[in-house]
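The structure appears right after this line, and notes come after that.
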Amino acid sequence: MVLLAAGSVAASCGSGPSPSTNNEVPGGPSGSYVLPTGIHKIEHVVVIMQENRSFDSYFGTFPGADGIPMKNGDPTVCIPDPKSGQCVTPYVDHADLNGGGPHSAPNATADIDSGRMDGFIGQAESGRRGCLNTTNPACTNSSNTDVMGYHVRSDIPNYWTYASDFVLQDHMFEPNASWSLPSHLFLVSEWSAYCSVKGNPSSCVNDLQTKPAEHPANSPAIYGGQAGPTNYSGTPDNPLLKVDTSQPDYAWTDLTYLLHKKKVSWGYYVVSGNEPDCENPANMTCSPVRQNAHTPGIWNPLPWFDTVQADHQLGNIQDVTRFYAAASRGTLPAVSWVVPSDAVSEHPPALVSAGQSYVTSLINAVMRSPEWSSTAIFLTWDDWGGFYDHLVPPSVDANGYGLRVPAMVISPYAKKGYIDHQTLSFDAYDKFIEDDFLHGQRIDPRTDGRPDPRPDVRENAKILGNLIYDFDFTQNPRPPVILPVHPKTTLTRS
């Protein structure tokens, strides 16, 4: 599988831009690294992170993509249903409300099943039911075979338009084989860990599942907003922001530490509302937890990072209304991350249509911005959500990769109608940001001035592709593609 993937990378990237030999900087898997030519035409990177969809569930029938194996338009794969004894093939599902399946670390292992990719229905059938919070990652929300359903162009026309007009990445893997919290930690720091001593990076140890039951005193769990001791009382932008000192302490290094050192602006934008995944995936039941820019959580972990607090950067974590305003004014930071609320997240049972409308509004805002001509949007989903995917994830270390998720690059310099077959994970986003704004520096305990015991430098993994091949910096900046926020679809709400 890895050899096949490597061959497809070479084929897809042969016409990519050639990096300049005058841009060599220290670091990288071979001791040096060549910065890609043209990358600095991108002055703003926007990472939009949605929730809980596999690649096959959204783009399994996209022409030219590595989608569901088909013959004469019919799937040639099927997955055993332990309950009925039948073998279930993937099928078109126009339902706006999907159920998905359990999606924590043990479920990922079972779904992959040593490369057989056949555990999805069995996991859905064994998932917990009757949870107070229907988005608990241990729960099942609908019919057991729901995880085999997939959407088509007419269901999600805007997403397919972006994929057709810009770049679709069909080998983007979740960086970790687990649920939302580790994925969001990897997005901003390349690691998920547990730190036993507050403020001490050397005390951090690898922690893929991040279950509070394992580390009740100081685990990477969500904080539900109860009153508690604080060590930070706010900023002019966020006067009510509180950080609870009894809660998780992320003492290892995150990307904002390097951005701040180099005076690179950044913003993390949160949609107020419920946050889907339970704070403890081991719980049988839990209540939905409110989130906003002032509340740390599984989708907003940055307030718990020591670096963010020490650098007085908590004010960079803001409500999404600030993102729309910055786009309109032409004052976007160099790096933006945008995370949703439950209602617009596409995390089952949130509606697909609501998520597509929300994402379209974000992309339209950037496209209408004075800064569109210098921006790259990276759109992806944080984990597979229990939905079927046929492709075996490559193994890079003890943490992942996890299952495949949809991903796109949308930019005036993005290649038109390009399908990127490189092996990618969210580490590639950080790699691009580091190349663009940090002269190729990595979150690397040997070189970044802040040692931590992470097992590897993910951006330098030899298997990891480079997003530079998704761009053509010789072309004139492409005009925006403004789409209707509420497109006509074939989604049903029966």
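The values are calculated or read from the model by the stated rules, or taken from the named source; none is laboratory data. Just so it is clear, the structure is predicted and the values come from calculations on it, not from any experiment. All Cβ positions, even for glycine, are placed from backbone atoms using ideal geometry, and neighbour counts span all protein chains on display. Heavy atoms of the whole protein, side chains included, go into the accessibility calculation; ligands, DNA and RNA do not. Shrake-Rupley method; radii C 1.70, N 1.55, O 1.52, S 1.80 Å.
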Distance between the C-alpha centers of segment 53-121 and segment 191-207? Whole Å please.
35 Å
Per residue of segment 252-267, what does 6.51 cos²θ - 1.76 cosθ + 1.60 with θ = phi - 60° give for ³J(HN,Hα)? Whole Hz please, x for Gly and Pro, Karplus curve as stated.
7, 7, 10, 5, 5, 4, 6, 4, 5, 4, 8, 6, 9, 6, 8, x
What shape does segment 294-447 take by its C-alpha gyration tensor, where a ≥ b ≥ c are the square roots of the eigenvalues and a/c under 1.5 counts as rounded, a/b above b/c as prolate, and the rest as oblate?
rounded
Near the amide H of ALA407, under 5 Å away, which other amide H atoms are found, from residues 5 or more places off or on another chain, if H is placed in the peptide plane?
GLN169
Quick check: net charge around PRO80, other residues with Cβ under 12 Å of its Cβ, Lys/Arg +1 and Asp/Glu -1?
-2
With every protein chain present, what is the per residue accessible area of segment 387-427 (1.4 Å probe, Å²)?
19 Å²
Taking the mean number of other Cβ atoms within 10 Å as a proxy for protection, how do you rank 46-55, 299-308, 350-359 from highest to lowest?
46-55, 299-308, 350-359
May I ask you to compute the full-extension gain from HIS40 to SER164, defined as 0.36 nm times their residue separation minus their alpha-carbon distance, rounded to one decimal in nm?
42.1 nm
Return the distance in nm (one decimal) between the two label points of a simple spin-label model at SER395 and LYS416, each offset 7 Å from Cα along Cα→Cβ.
4.4 nm
Cross-link candidates for LYS71: which aspartates and glutamates have Cα within less than 18 Å, leaving aside residues fewer than 8 places away along the same chain?
ASP56, ASP389
Greater than 18 Å separation of Cα atoms is the criterion. Which listed pairs, LYS41/LYS431; LYS262/LYS431; LYS198/LYS261, meet it?
LYS198/LYS261
Given contacts defined as C-alpha pairs under 8 Å and at least six residues apart, what's the relative contact order of segment 362-486, whole-number percent?
31 percent
Across segment 447-456, in residue order, what do the Karplus-derived ³J(HN,Hα) couplings come to in whole Hz, using 6.51 cos²θ - 1.76 cosθ + 1.60 with θ = phi - 60° and x for Gly and Pro?
10, 8, x, 8, x, 9, x, 4, x, 6
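Quick one: accessible area per residue over segment 48-118, 1.4 Å probe, rounded to a whole number of Å²?
40 Å²
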Long-range amide H partners of PHE471, meaning residues 5 or more apart or on another chain whose placed amide H is closer than 5 Å, are LYS415
In terms of modelled amide H atoms, which long-range or inter-chain residues lie less than 5 Å from the amide H of ASP249?
CYS195
From largest to smallest, what semi-axes in whole angstrom does segment 366-485 give when each is the square root of 5 times an eigenvalue of its alpha carbon gyration tensor?
27, 21, 13
